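A.B. asks: First the structure, which I've put down as structure tokens, then a few questions once you've had a look.
The values are calculated or read from the model by the stated rules, or taken from the named source; none is laboratory data. Here the structure is a predicted model, which means the values were calculated and not measured. With ideal geometry, Cβ positions are generated from the backbone for all residues, glycine too; neighbour counts draw on all protein chains shown.
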Amino acid sequence: MKITFALFDRYRLRWLAWLLLSGIVALQVACATGPRLINHTFEFDARWDSPGVEIIDYQYGNSNTPGVRGCPTQYSPCSKSRQYAGTTGKMLPGDSLYVKWRIKSTSEVYDDTVDLKSRLPEDIANNRIHFIIKGSQLYVYLITPERLHPNPCPRRDQLCRIMDPSCPSADHRIFSWYCSKNITRLYPGQAELLNIKVN
């Protein structure tokens, strides 16, 4: 009788161990195929980058992370979107970026949706996604975290001054902020590494 119970306990322990191992493997597979959270930054600042423009709405991907959407779908609708955002942390990489804006001087309204899935590299860990509006055009940039050596930044008086309407382009504006890093213009056009020359 003792042998039968010992045998039964051994088989029961093996069965429980197999069940536990199967559960762990299933959990690992579920985690591996779940959403891919990557530490990166989404940001814009229309007050400085886009003088004369008011952001009406925006949405980076489908995340509910605070700061990645202008008018939340939950709670009550907003009448005016925030004019700047800077969200850093582990979040879903956005497959798209939607922005709607108004030019203050003419009241013209524009909107654009950018397919980021085909433009972003596979690994955007610790990178920044930054957008700028210049008139009727949306510009989207990817900025790497590593500093360039030697530092290519020109003298301060050669940089495009923020809020200066004579700043020649959105590329010059983003370069004014991040000249010491690699900046890729993701949109419009194909992804292209910026190469700003300042006289």
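Residue by residue, here is whether (1) in contact with a His (Cβ under 7 Å, 6 or more places away or on another chain); (2) within 20 Å of G67 (Cα to Cα); (3) basic (K, R) holds:
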site	(1), (2), (3)
G94	no, yes, no
E122	no, no, no
N126	yes, yes, no
E146	no, no, no
N151	no, no, no
D164	no, no, no
C167	no, no, no
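A.B. asks: State all residues of the range 90-117 that are more than 14 Å from the chain's Cα centre (by Cα) and not in a strand (DSSP E or B); if no residue qualifies, say none.
C.D. replies: Hits for the range 90-117 are K104, S105, T106, S107, E108.
A.B. asks: Out of all the residues in the range 143-157, is one or more under 28 Å from R82 (Cβ atoms), part of a strand (DSSP E or B), touching a residue at least 40 places away in the same chain (Cβ under 8 Å) and in contact with a Leu (Cβ under 6 Å, 6 or more places away or on another chain)?
C.D. replies: Checked the range 143-157: no residue is under 28 Å from R82 (Cβ atoms), part of a strand (DSSP E or B), touching a residue at least 40 places away in the same chain (Cβ under 8 Å) and in contact with a Leu (Cβ under 6 Å, 6 or more places away or on another chain).
A.B. asks: Which count do you get for residues in the range 75-100 that are of a type in the set (A, V, I, L, M), modelled with pLDDT under 95 and under 23 Å from S118 (Cβ atoms)?
C.D. replies: Final tally of qualifying residues: 2.
A.B. asks: Shifting gears a bit: Is it the case that L120 is closer than 20 Å to D45 by Cβ and touching a residue at least 40 places away in the same chain (Cβ under 8 Å)?
C.D. replies: No.
A.B. asks: Can I ask one more? Determine if the range 158-174 includes at least one residue that is assigned to a strand (DSSP E or B) and in the same structural domain as E54 (by TED's automatic domain parsing).
C.D. replies: Scanning the range 158-174 turns up no residue that is assigned to a strand (DSSP E or B) and in the same structural domain as E54 (by TED's automatic domain parsing).
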